[in-house]
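Worksheet: the structure to be examined is printed underneath.
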């Protein structure tokens, strides 16, 4: 039974899911909104990357930078024009708004970037190394490194910097944080922009395995949501762990269970897991205040 | 209502069940208009889909309006209802009623299982769990060829009901009957003992719980009813269109149904039908005909998405609230200091708007 090869491959998809899940959790913690449109917004800015690359022939890093600008602007726009105006709406109302945003972005993408499916090449097109009998491409190593580095970098920022403190304070209690002089509006604005960039990176990393169409981020979105459920919504690192676990489980189920039904079995397992540990792996008990 | 009406007539017209029946009677005239050529055949189809989706949306309205829960599984449950109906009627040859029963019972059963698992935590988990189930069902529709014929699409035939061979127009009437039944059932649920519990739950879950209302039970009931309606809508879809393809039952359909509820107005029965009309018929009948922008491929998506965002941002009461405003404006013009005005302030509260955010 091969173990190392699928494990390495899972680390690559796990990094994609982890980035998307981090975007969801940072928005959840600061704005208290379940960000259903994370995948759709990532798809939009990811498609922008492919568009710039295919139309101008610019190098990939330039296209990714352009995509990051698009992602940040989108994040700003959504928070500034929509979410901030919903301060008085219920949590459900806000969630429905992010569901509406899915439709808006999926409808807009073909209008803005054209209906032809595009391709996005790997950052490092060829080459692989052998590690203990398993092969791993340079591109996969890059993706894994980027995923882990960004997750680690985000934790450092959250724990060690002033901005991180502001985000954590906003996450723990928005009202008190505002009373303490934290510009919570700026914090949520930054959170939405960061989520946008994370979604864009996830899109750029997953795109070479498929074609860039409006639906190419759907699996990532679903997996990222499940990663949050699995890891719990109370911590920033829980969903990252959840993301890698889901990727590993999905790969092994597809390889040794059923190549067709692997993901479906995984989804059922997650539902069963909810019965056992409703608050996630590292979640604390959830108390509702009256 | 006109001033000349007698009080008795007015009371009759105010009776909700009679309103539903009248509404149904008017809808039943549409196939006649179609066969006489006034209404295009394609328009009749579009209207049939409006009514079918209104049935699915009615269940979601109950769920969202009273328990604040979102289901992203409407499409999956509808699809399951459709394929079950086709499988039981055409493959097993058991006839319309057994097919309908299967399309009602199986999705509801799965819905209850999903509800039991996910409703114990926090309400948002239902959305994620139903998304989960919807993905599983969609994959099933694509892969389980013995059941669904996969991406080639399942073909069916018009059912035989009470020995009568139906056709497109007869199926339209069947859909109308189902919709009216669903409207009445929903009305009774909302105005009965269940409705009181649901109302109590809506204003404060904790208070309702303290008064002895079993929150989990009622949330589960609301969700079960939503899946039941979705199964029914799926079966009607199949019997009307006589075919079903996996790509129909994707996330967008579920989102569209949510859009119908939001646009129509929460907890409004007629509003839901109006919402379904706006979301399904307006892009099909109006937007498509527009010059230049009519050809844009993703236009219906953007239309629904933008409507969801705008309605929640600026007018959370939806069409129901708009209707209320119009009615109050008319009655206050008739009686300048009349009874129209205080009602508006007392009863209209933005359902998705100004409620405290509970963490």
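A short reminder: the numbers here are calculations on the coordinates, not readings from a lab. Note that this is a predicted model, so its numbers are computed, not measured. Quick reminder, even Gly has a Cβ in these numbers, built from the backbone with ideal geometry, and neighbours come from all protein chains shown.
Over the protein assembly as shown, consider all pairs of different Cα atoms and compute the Kirkwood hydrodynamic radius from their mean reciprocal separation; express it in Å, one decimal. The partial results should precede the final answer.
Values: mean 1/r = 0.0384 Å⁻¹.
The answer is 26.0 Å.
Ordered by packing density, taken as the mean number of other Cβ atoms within 10 Å over each peptide's residues, highest first, how do B:202-210, A:235-243 rank?
Numbers: B:202-210: 14.4, A:235-243: 24.7.
Taking the mean over residues of other Cβ atoms within 10 Å, the ranking is A:235-243, B:202-210.
State, in angstrom, two size descriptors of chain B derived from its alpha carbons: Rg to one decimal place and Dmax to the nearest whole number.
Taking only Cα atoms of chain B, I get Rg and Dmax of 20.8, 67 Å.
Would you mind giving the mean number of other chain beta-carbons within 10 Å of the Cβ of each residue in A:34-40, as a whole number? Write out the running numbers ahead of the final one.
Values: counts 4, 0, 8, 1, 0, 0, 1.
Counting other chains' Cβ atoms within 10 Å and averaging over A:34-40 gives 2.
May I ask you to derive the FRET efficiency for residue B:217 and residue B:38 from their Cβ-Cβ distance with R0 = 60 Å, giving the value to the nearest 0.05?
Working: r = 49 Å, r/R0 = 0.82.
For R0 = 60 Å, the calculated efficiency reads 0.75.
Under the classification rounded if a/c is under 1.5, otherwise prolate if a/b is larger than b/c and oblate if not, where does the range B:134-258 fall, given a ≥ b ≥ c as square roots of the Cα gyration tensor eigenvalues?
Working: a/c = 3.29, a/b = 1.64, b/c = 2.00.
Because a/c hits 1.5 or more and a/b fails to exceed b/c, the range B:134-258 counts as oblate.
Out of all Cα-Cα pairs in chain A, roughly what percent, to the nearest whole number, are more than 31 Å apart? Provide the component values of the computation, followed by the final result.
Working: 11300 of 41905 pairs.
Of the Cα pairs, 27 percent sit more than 31 Å apart.
Classify the range B:41-251 as rounded, prolate or oblate from the Cα gyration tensor: take a ≥ b ≥ c as the square roots of its eigenvalues, call it rounded if a/c is under 1.5, otherwise prolate when a/b beats b/c and oblate if not. Don't jump to the answer; show the numbers that get you there.
Values: a/c = 2.31, a/b = 1.57, b/c = 1.47.
It comes out prolate by the Cα gyration axes.
Springs between alpha-carbon pairs under 10 angstrom, Gaussian network model over chain B: which of B:83, B:158, B:66 fluctuates most?
In this elastic network of chain B, the residue with the biggest mean-square fluctuation among B:83, B:158, B:66 is B:158.
Between residue B:206 and residue A:115, take the C-beta separation as r, use R0 = 41 Å, and let me know the FRET efficiency to the nearest 0.05.
Working: r = 50 Å, r/R0 = 1.22.
That pair, residue B:206 with residue A:115, gives E of 0.25.
For an R0 of 41 angstrom, estimate the FRET efficiency from the Cβ-Cβ distance between residue A:55 and residue A:157 and round to the nearest 0.05. Provide the component values of the computation, followed by the final result.
On the way: r = 34 Å, r/R0 = 0.83.
Once the sixth-power term is evaluated, E becomes 0.75.
If you average over every viewing direction, what projected area does the convex hull of the Cα atoms of the range A:186-290 give, in nm²?
Working: hull surface 34.9 nm².
Mean projected area of the Cα convex hull: 8.7 nm².
Compute the Rg to Rh ratio over the range B:226-287 from the alpha carbon atoms, using the Kirkwood formula for Rh, and round to two decimal places.
Values: Rg = 12.3 Å, Rh = 12.6 Å.
A ratio of 0.98.
Sorting check: for B:136-142, B:223-229, which peptide has the highest mean count of neighbouring beta carbons within 10 Å, and how do the rest follow?
Packing proxy ranking, top to bottom: B:223-229, B:136-142.
Could you tell me what fraction of 2.2 N^0.38 Å the Cα radius of gyration of the range A:136-185 comes to, as a two-decimal ratio?
Working: Rg = 15.8 Å, N = 50, 2.2 N^0.38 = 9.7 Å.
Compared with the compact-globule rule of thumb, the range A:136-185 sits at 1.62.
Tell me, A:168, B:196 in order of fewest to most beta-carbon neighbours within 10 Å? Present the calculation step by step, with values, prior to reporting the outcome.
Numbers: A:168 17, B:196 13.
With the fewest neighbours first, A:168, B:196 line up as B:196, A:168.
Simple spin-label model, 7 Å along Cα-to-Cβ: residue B:181 to residue A:129 in nm?
6.7 nm
What's the exposure ranking of A:211, B:130, going from fewest to most Cβ atoms within 10 Å?
Numbers: A:211 13, B:130 27.
The fewest-first ordering by Cβ neighbours comes to A:211, B:130.
Among B:160, B:286, B:262, which one shows the highest mean-square fluctuation when chain B is modelled as a Gaussian network with alpha-carbon springs under 10 Å?
Top of the fluctuation ranking is B:286.
Provide a whole-number value for the mean count of partner chain Cβ atoms within 10 Å of the Cβ atoms in peptide A:215-227.
Details: counts 3, 0, 0, 3, 1, 0, 2, 6, 0, 0, 5, 5, 0.
The mean count of partner-chain Cβ atoms within 10 Å per residue comes to 2.
Cut-off 10 angstrom, C-alpha nodes, Gaussian network model of chain B. Which of B:74, B:272, B:166 fluctuates the most?
B:166
What average number of partner chain Cβ atoms lie no more than 10 Å from the Cβ of the residues making up B:131-139? Walk me through the numbers on the way to the answer.
Numbers: counts 6, 11, 4, 2, 7, 8, 1, 1, 5.
Mean shielding count: 5.
Taking the highest mean first, how do the peptides B:297-303, B:75-81, B:264-270 order by number of other beta carbon atoms within 10 angstrom per residue? Mind dumping the intermediate values first?
On the way: B:297-303: 19.3, B:75-81: 31.4, B:264-270: 23.9.
Most protected by this proxy first, the peptides run B:75-81, B:264-270, B:297-303.
Shape of the range B:74-150 from its Cα gyration tensor (a ≥ b ≥ c, root eigenvalues): rounded if a/c is under 1.5, otherwise prolate when a/b > b/c, or oblate? Intermediate values should be presented prior to the final figure.
On the way: a/c = 3.59, a/b = 1.79, b/c = 2.01.
In terms of gyration-tensor shape, oblate.
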